[in-house]
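Scroll down for the structure; my scribbles are underneath it.
The values are calculated or read from the model by the stated rules, or taken from the named source; none is laboratory data. Bear in mind that the values here come from a model prediction, so they are computed numbers and not experimental data. A quick note on method: Cβ atoms are made from the backbone with ideal geometry, for glycine too, and the neighbour counts reach across all protein chains shown. Accessible surface is based on the protein model in full, side chains and every heavy atom, while ligands, DNA and RNA are left aside. Shrake-Rupley method; radii C 1.70, N 1.55, O 1.52, S 1.80 Å.
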Amino acid sequence: MPAREANSVLRLGITGILACAVALAGVVCAVVAEKQVSPGPARLASGSTVSPAPTSTMNANAVPALTGGGPGGWLLGGIGAASRRANAPQMLAASDKRECPAAAVACVDLTRHITWLQSGGKVSFGPVRMEPGKPGGGHETPRGTFHVAWKAGPTYMSTTYHEPMPWATFFAAGGIAFHGGSLTKWSHGCVHLTTPNAHYYNEHLPIGSEVVVF
């Protein structure tokens with residue numbers, strides 16, 4: 001082969017090798033770039049795929065599910081359910097605002113089992129959960145407008161039922177009062193509150209304060 005033709009073949013060979021190298025580098029770069037953008041599912045020999053494991057960032061943002069319902073759980077019905085219901089925020093309905101006049105200092109909604117204190121028609125404490133007497137059971141909490149008559153301390157006992165009535169605030173005839181008591185059992189006509197709430201009512205309802213029960 002003449003020298004001139006040999007040189008031409010050599011140059012063509014070198015050019016082809018360089019072109020192949022460039023093409024191969026492009027493929028490798030594309031594969032690497034694809035893996036950096038998205039790991040994608042791993043493909044098994046059978047053709048099925050397996051999703052990639054979550055990254056640490058995904059785990060850090062995960063929200064744990066609430067569990068419970070039994071003792072110490074989050075759902076109402078476990079131990080302490082009555083306490084959670086008593087302390088849960090309550091909202092006044094339009095009927096509450098309509099039924100309890102601005103002149104009243106304490107309001108009691110027998111239907112919704114809530115009570116609150118107010119000043120000038122604006123809520124100053126509550127609404128909080130309460131437990132009244134059972135309707136139609138002979139110990140129904142009376143409805144109407146009353147006034148605080150007298151108050152007792154933390155160790156007061158009922159002279160009729162011989163049961164504790166801590167922080168009793170009497171407002172109606174027959175010994176009807178706000179006082180600490182069960183929020184899961186009907187009262188004997190009084191308005192049961194948690195003991196801390198009964199204490200608060202006792203301290204913030206002066207003698208003569210108007211109480212409206214509806």
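At a glance:
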read-out: Pairs where the first residue, in region 126-153, is of a type in the set (S, T, N, Q) and the second is part of a strand (DSSP E or B) and open to solvent by less than 70 Å² (accessible area, probe 1.4 Å), C-beta under 6 Å, 6+ apart; value: T141/G133; T145/V212
read-out: Single condition W167 does not satisfy, out of (1) under 32 Å from the mean Cα position of the chain (by Cα); (2) assigned to a loop (DSSP other than H, G, I, E, B); (3) surrounded by fewer than 18 Cβ atoms within 10 Å (Cβ to Cβ); value: (3)
read-out: Candidate set from region 130-154 (those that are β-branched (V, I, T) and open to solvent by less than 60 Å² (accessible area, probe 1.4 Å)); member that is nearest to C190 (Cα to Cα); value: T141
read-out: Failed item in (1) more than 26 Å from the chain's Cα centre (by Cα); (2) open to solvent by 70 Å² or more (accessible area, probe 1.4 Å); (3) within 18 Å of R112 (Cα to Cα), with M157 passing the rest; value: (3)
read-out: Only listed residue being part of a loop (DSSP other than H, G, I, E, B), among the hydroxyl-bearing types (S, T, Y), modelled with pLDDT of 95 or more and at negative phi, chosen from T145, T141, T115; value: T141
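Okay, residues lined up against (1) within 19 Å of S95 (Cα to Cα); (2) crowded, with 19+ Cβ neighbours inside 10 Å:
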{"position": "L117", "(1), (2)": "yes, yes"}
{"position": "V128", "(1), (2)": "yes, yes"}
{"position": "I176", "(1), (2)": "no, yes"}
{"position": "W186", "(1), (2)": "no, no"}
{"position": "V213", "(1), (2)": "yes, yes"}
